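The values are calculated or read from the model by the stated rules, or taken from the named source; none is laboratory data. Given the structure is predicted, the values throughout are model-derived calculations rather than measurements. Cβ placement follows ideal geometry from the backbone for every residue including glycine, while neighbour counts extend to all protein chains displayed.
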Amino acid sequence: MAVTLLRTLTEKSQLKFGKYEYLTVREVLNLKHPQYIRWCYFNLDKISFIEDILNEVKIPEDYRIKKPGKNSELGEKLDKEVWERGYGLSKHINEIVARKAQKGRLIAHAKRDSLQYTKNAMQRLNHGHR
C-alpha cells in the first residue's frame, strides 16, 4: 500500500478534514477565510496548495516552505503581518458574521446533496419512480 507523501490541493479539491470537511478550497476562499487555508499550509505537513491559491491567500515567496514539512511559527508571523497590514477590527467582525451565515448555508447544501443524490436515490429515479 502506497503512502501519500504530499497532497497538493486545487480550487476544486474538497478538504475532507477539519471544520470545512464538506467544502472545496474555492468555497472556503469564498467564505473569506484565507487564514484557514494559510493555517493548513503551515501546520499540516502533507498538505500543499497550487501557486494560484498560495498567491490568493497572500503567502509571499519568502514565506513558502518546503513540503512535506510544516512551520507553524512562520505561519503565525505571517498572520500577524497580514493583520497589521490591512485589517480593522470592525471589518473583521463583519466578515466573521457573514462567514458564519454563509458557512451554514454551504454545509447544509452539501449535506442535503449527499443525501438526495445517493446511488439508490438516483437509481430509483432512473427506473421511473418519484
Checklist entry - So which pairs qualify, if the first residue must be in the range 102-130 and farther than 26 Å from residue 27 by Cα, the second must be surrounded by 10 or more Cβ atoms within 10 Å (Cβ to Cβ), the Cβ gap must be under 9 Å, and the two must be at least 6 apart or on different chains? => result 130/124
Item to check | Condition broken by residue 38, with the remaining ones in (1) within 30 Å of residue 125 (Cβ to Cβ); (2) basic (Lys, Arg); (3) part of a helix (DSSP H, G or I) satisfied | outcome: (1)
Checklist entry - farther than 22 Å from residue 23 by Cα, touching a residue at least 24 places away in the same chain (Cβ under 8 Å) and out of contact with any Lys or Arg (no Cβ under 9 Å at 6 or more places or on another chain), is that true of residue 74? => result yes
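Yes or no, residue by residue, for (1) touching a Phe, Trp or Tyr at 6+ places or on another chain (Cβ under 7 Å); (2) within 22 Å of residue 100 (Cα to Cα); (3) of a type in the set (Gly, Ala, Ser):
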position	(1), (2), (3)
13	no, yes, yes
31	no, yes, no
43	no, no, no
57	no, yes, no
63	no, no, no
70	yes, no, no
82	no, yes, no
85	no, no, no
Next on the checklist: Yes or no: the range 20-33 includes at least one residue that is crowded, with 17+ Cβ neighbours inside 10 Å, more than 8 Å from the chain's Cα centre (by Cα) and of a type in the set (A, V, I, L, M, F, W, C).
Outcome noted: yes
Checklist entry - For the subset of the range 102-129 comprising residues that are more than 20 Å from residue 17 (Cα to Cα) and of a type in the set (Gly, Ala, Ser), which member is surrounded by the most Cβ atoms within 10 Å (Cβ to Cβ)? => result 121
Next on the checklist: Taking the criterion of being outside any loop (DSSP other than H, G, I, E, B) and in contact with a strand residue (DSSP E or B) (Cβ under 7 Å, 6 or more places away or on another chain), would at least one residue in the range 28-35 satisfy it?
Outcome noted: no
Next on the checklist: If I ask for residues that are part of a helix (DSSP H, G or I) and either under 20 Å from residue 10 (Cβ atoms) or in contact with an Asp or Glu (Cβ under 6 Å, 6 or more places away or on another chain) (or both), which ones from the range 44-79 would you list?
Outcome noted: 51, 52, 53, 54, 55, 56, 61
Next on the checklist: I'd like to check something: does the range 2-21 contain any residue that is among the aromatic types (Phe, Trp, Tyr), part of a helix (DSSP H, G or I), at negative phi and in contact (Cβ under 8 Å) with a residue 40 or more places away in the chain?
Outcome noted: yes
Item to check | residue 17 vs. criteria modelled with pLDDT under 90, of a type in the set (Phe, Trp, Tyr) and over 18 Å from residue 104 (Cβ atoms) | outcome: yes
